[in-house]
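For reference, the structure discussed in these notes is given below.
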Amino acid sequence: MKLLNSPTKSLSANSIPRILPRRSFLRSLGLGAAFLAPGAALIGAAPQAKARDENENEITGGDIAILRFLAAAEIIETDLWRQYAELGGVDAAISGYVAALEILDGDQPQYISDNTDDEQSHVNFLNAFLRSVGAQPVNLDRFRTLPSSQANGARQIGRLTNLMQLTVDTSWWTRYRSTTNPDLGATFPNAVPSLATGLHTAIPRNNSELGDPNNPSDHVKAIAFTAGFHFAFIEQGGTSLYAAMARKVRNLTVLQIVLSIGGAEIMHFQTWQDKAGNATPLTDFDPINGSTVTFIDLQTGQPENLQANLIMPEPCQFISPSLPPCSIIRPTGPGQVSAHGAVMALTADGLFRGQSPEFFQVINALAHAADTAQRSRDN
């Protein structure tokens, strides 16, 4: 999830045994358990003026607006991560797609399932907390209209997101390896320029694209490697978004929620950016989307802004060029990251390709309410 307000050890597939998931919200709760019943309000009445947390601290309307937008974002993330988990997680059938994901890391299916469970837990918690203070939770069920993959393992249910026609911004890769800061006007090139043009699928669309688990083709690898870079794109967005929203929160309990969930998003991003760079060199043409993608070797012979093992945020300018460089999350500045910027970035990514005008009205209304929240006593 790129949030700028302006647009934008390799292991063999069989070397590490797949292990049981550390937890399974998806199985214990059921796939639909986190969401309200159909017909529940999407954009509810304004929260009660005197909503309070368990410590009797007032929660402002702005606090509620921020939590409601974050709940919507987590619902969207859960929807896309479920699709990845169905075809590439620990419970997915062995396939060439899984084998190709394991080129990035032998634990990739485990990480996919864990990330899915984490996002589901965020949805559950945020909506439950909203209810607990008398505020309206978020439900996007009426917009689950997009088609599923036809590959074996994909559930034939309506989706909120489209993973089969993506245009993936990979400038997060060079941004975190740079000594400059987008909050102070810096811009960054894409690590995989061909992913940022045309349309690309990150999941197998049919059984032929599941591939041979013993010898995945370059086409199947290209799908899995696209997913690898898309994983980090999604999670780096949450990293910046939660940090930016925390600046606007007034209530200390709400601040604890935003900072704590935001920390988990940071851990997700760091995991995925460490794996994406293990993609092996290849060029593939997708006859369905009509796009070509090229992955290069990022492990050896690259400058610092591309080198795969430089995964710690490079110290950069922060607050003012006159201050010393500092290793930070970026962007977080109000001119660079916002709820509306998140919606724009996910839209540019192609995640909402095929969604209805009403969906965009609802998600933009939630974003507007979060962006207009102010950290003041008049909120």
Given (1) surrounded by fewer than 22 Cβ atoms within 10 Å (Cβ to Cβ); (2) not in a loop (DSSP other than H, G, I, E, B), Gly198 misses just (2)
- Within the stretch 124-134, can one find any residue that is assigned to a loop (DSSP other than H, G, I, E, B), more than 19 Å from the chain's Cα centre (by Cα) and under 22 Å from Arg68 (Cα atoms)? yes
*Can we say Ala191 is part of a helix (DSSP H, G or I), within 21 Å of the chain's Cα centre (by Cα) and either within 20 Å of Ala308 (Cβ to Cβ) or among the small types (Gly, Ala, Ser) (or both)?*
no
ask   = Going by the conditions given, is Ile328 farther than 23 Å from Asn251 by Cα, among the β-branched types (Val, Ile, Thr), in a loop (DSSP other than H, G, I, E, B) and touching a strand residue (DSSP E or B) at 6+ places or on another chain (Cβ under 6 Å)?
value = yes
Every listed condition ((1) at positive phi; (2) modelled with pLDDT under 95) holds for Gly333 save (1)
Return yes when Thr78 is hydroxyl-bearing (Ser, Thr, Tyr), over 25 Å from Phe295 (Cα atoms) and more than 15 Å from the chain's Cα centre (by Cα) and no when it is not. no
Determine, yes or no, whether Cys316 is of a type outside the set (Val, Ile, Thr), over 30 Å from Phe360 (Cα atoms) and either modelled with pLDDT under 95 or surrounded by 19 or more Cβ atoms within 10 Å (Cβ to Cβ) (or both). yes
When (1) surrounded by fewer than 21 Cβ atoms within 10 Å (Cβ to Cβ); (2) touching a helix residue (DSSP H, G or I) at 6+ places or on another chain (Cβ under 9 Å); (3) in a helix (DSSP H, G or I) are applied to Asn152, the one that fails is (3)
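Per-residue answers, yes or no, for (1) surrounded by fewer than 24 Cβ atoms within 10 Å (Cβ to Cβ); (2) among the charged types (D, E, K, R); (3) touching a helix residue (DSSP H, G or I) at 6+ places or on another chain (Cβ under 8 Å):
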site: Ile66; (1), (2), (3): no, no, yes
site: Leu70; (1), (2), (3): no, no, yes
site: Val98; (1), (2), (3): no, no, yes
site: Asp105; (1), (2), (3): yes, yes, yes
site: Gln108; (1), (2), (3): no, no, yes
site: Tyr111; (1), (2), (3): yes, no, yes
site: Asp118; (1), (2), (3): yes, yes, yes
site: Asn124; (1), (2), (3): yes, no, yes
site: Phe129; (1), (2), (3): yes, no, yes
message = On the basis of being at positive phi, over 18 Å from the mean Cα position of the chain (by Cα), at pLDDT 95 or above and not aliphatic (A, V, I, L, M), does Gly153 make the cut?
response = yes
Residue pairs within 7 Å by beta carbon, gap of at least six or interchain, first lying in the stretch 64-79 and at negative phi and in a helix (DSSP H, G or I), second among the acidic types (Asp, Glu) and crowded, with 24+ Cβ neighbours inside 10 Å, listed first then second, are Glu74/Glu119; Glu77/Glu119; Thr78/Glu119
Output for Cβ contacts, cut-off 6 Å, separation at least six or different chains, first residue on the phi > 0 side of the Ramachandran plot in the stretch 196-216, second part of a helix (DSSP H, G or I) and surrounded by 22 or more Cβ atoms within 10 Å (Cβ to Cβ), reads Gly211/Gly96; Gly211/Tyr97; Gly211/Val220
Note on the stretch 269-304: residues touching a Pro at 6+ places or on another chain (Cβ under 9 Å) and either assigned to a strand (DSSP E or B) or modelled with pLDDT under 95 (or both) are Thr294, Phe295
Condition set of a type in the set (Val, Ile, Thr) and part of a helix (DSSP H, G or I), scope the stretch 335-363, selection nearest to Thr167 (Cα to Cα): answer is Thr347
Conditions (1) touching a Lys or Arg at 6+ places or on another chain (Cβ under 8 Å); (2) assigned to a helix (DSSP H, G or I) -> Arg250 fails only (2)
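The values are calculated or read from the model by the stated rules, or taken from the named source; none is laboratory data. A quick note: this is a predicted structure, and the numbers were derived from the prediction, not measured. Heads up, the Cβs are rebuilt from the backbone with ideal geometry, glycines too, and the neighbour counts pull from every protein chain shown.
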